[in-house]
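A.B. asks: Can you read through this structure? Questions will come right after.
Nothing in this text is a laboratory measurement; each read-out follows from the coordinates by a stated rule. Quick caveat: nothing in here was measured; it's all calculated off a predicted structure.
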Amino acid sequence: MSKSAGNLLSRREVSLGALAAGVALWTGAASAAPLTLRGEVVYRERMALPRGARVEVQLVDMSLADAPARVLATAQVGKFTGSPIPFTLRIDSRKLRRGRRYALQARISDNRGKLMFINDTVHAWKSGDAGPFTIQVVRAGGTGKPGTGKPRAPAEPWGRWVAEDILGGGVAERVQSVLDIRPDGHVSGHGGCNGMSGAVRVKGKRIVFGRMASTMMACPSPQMNQERRFHEALRLVRGFRVEEEPRKLLLLDGSNRVVMRLAAG
C-alpha cells in the first residue's frame, strides 16, 4: 500500500470514528432529555384553601415491597385559585429503569406544613407517558358521615372479596382474583390462574399477608399477568379500609395509598 493511500485510509478512519462518537453523544443527550409531565390535582370539597397553601406532586418508584417509595421528581405549586390545580413535573429520564413500577402522588398542605389533602389511590405511571393526568386527593384524616365529626367505626375485613382494581391498572376482562379472609387468621383465594392459601395478621386497621402457598398451573397471559400483579399488591399491603353501600375492601400500602380495591363477593 502506498504512503498516500495509507494516509487517506487513516483520515477516513479518524473521520468515521469522530462521526460515530458524535452519533453516540447525540444519542446519549437525546436519551437523557428531561421528560415533562402535565396534569391537575383535584379535590371535591367546595372550599377555598388558606393563603399560603402549597401543592406537591411527586413521581415515586414503588418497586420495592418492603421499603418506602423512592422519590424521583418533585414539583411544588404555590399559586392557584382552587380545584383543579394545574401542575408541571419534570423528570430526569436517566433515573428511570426498565421493569420498575412508578406512580404519581400528590398532597396539599397549609402554610404551616400541616397536611390537608392527599391521594389515597395509586396513580400508576408508565415510562414515556406525558399526560395529561388527573390526581384526585381526599381530606387527610377524613371522617365517616359528613357533618358528624365522628370517625366511622372500623369494619373488619372478613369474608370473600373479588378484586376490581389492582395497582391502579384495573382487572382483565373475565379474569377473577379472589380473597377469602377469615377471623382465625387464614386466607385463601385465587390469583387469576392458581389457587392459594396462607396466613394473615389483622390488628386494628393494620393487615399484613404472609407468604402464600400456590398451585403451579400455567394459564394464558392475561390471567398470569393479573395474578402476578395481585401477589405483588398483597406484598405491599399494610392497612385496610372497609366502605359500605356498596361494600368494598380497600387494601392500603404503608403510605395509606390504595393498592387494591375489592368488592364483596
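A.B. asks: Residue by residue through the range 253-258, which ³J(HN,Hα) values in whole Hz follow from phi under the Karplus form 6.51 cos²θ - 1.76 cosθ + 1.60 (θ = phi - 60°), with glycine and proline marked x?
C.D. replies: 8, x, 9, 6, 8, 6
A.B. asks: Related question: Could you give each residue of the range 228-240 its phi-based ³J(HN,Hα) in whole Hz, using Karplus coefficients 6.51, -1.76, 1.60 with θ = phi - 60°, and x for Gly or Pro?
C.D. replies: Whole-Hz 3J(HN,Hα) from phi for the range 228-240: 4, 5, 4, 5, 4, 5, 4, 5, 7, 5, 10, x, 8.
A.B. asks: For the range 73-78, just list the computed ³J(HN,Hα) in residue order, Karplus coefficients 6.51, -1.76 and 1.60, θ = phi - 60°, integers in Hz, with x standing in for Gly and Pro.
C.D. replies: The phi angles translate into 7, 9, 10, 10, 10, x Hz.
A.B. asks: Now a separate question. In terms of modelled amide H atoms, which long-range or inter-chain residues lie less than 5 Å from the amide H of Val122?
C.D. replies: HN-HN under 5 Å from Val122: Val258.
A.B. asks: Follow-up. Please report the orientation-averaged projected area of the range 35-139, defined via the convex hull of its C-alpha atoms, in nm².
C.D. replies: Its Cα hull, projected and averaged over all orientations, spans 6.7 nm².
A.B. asks: On alpha-carbon atoms, Rg over Rh for the range 159-264 using Kirkwood Rh?
C.D. replies: That ratio equals 0.94.
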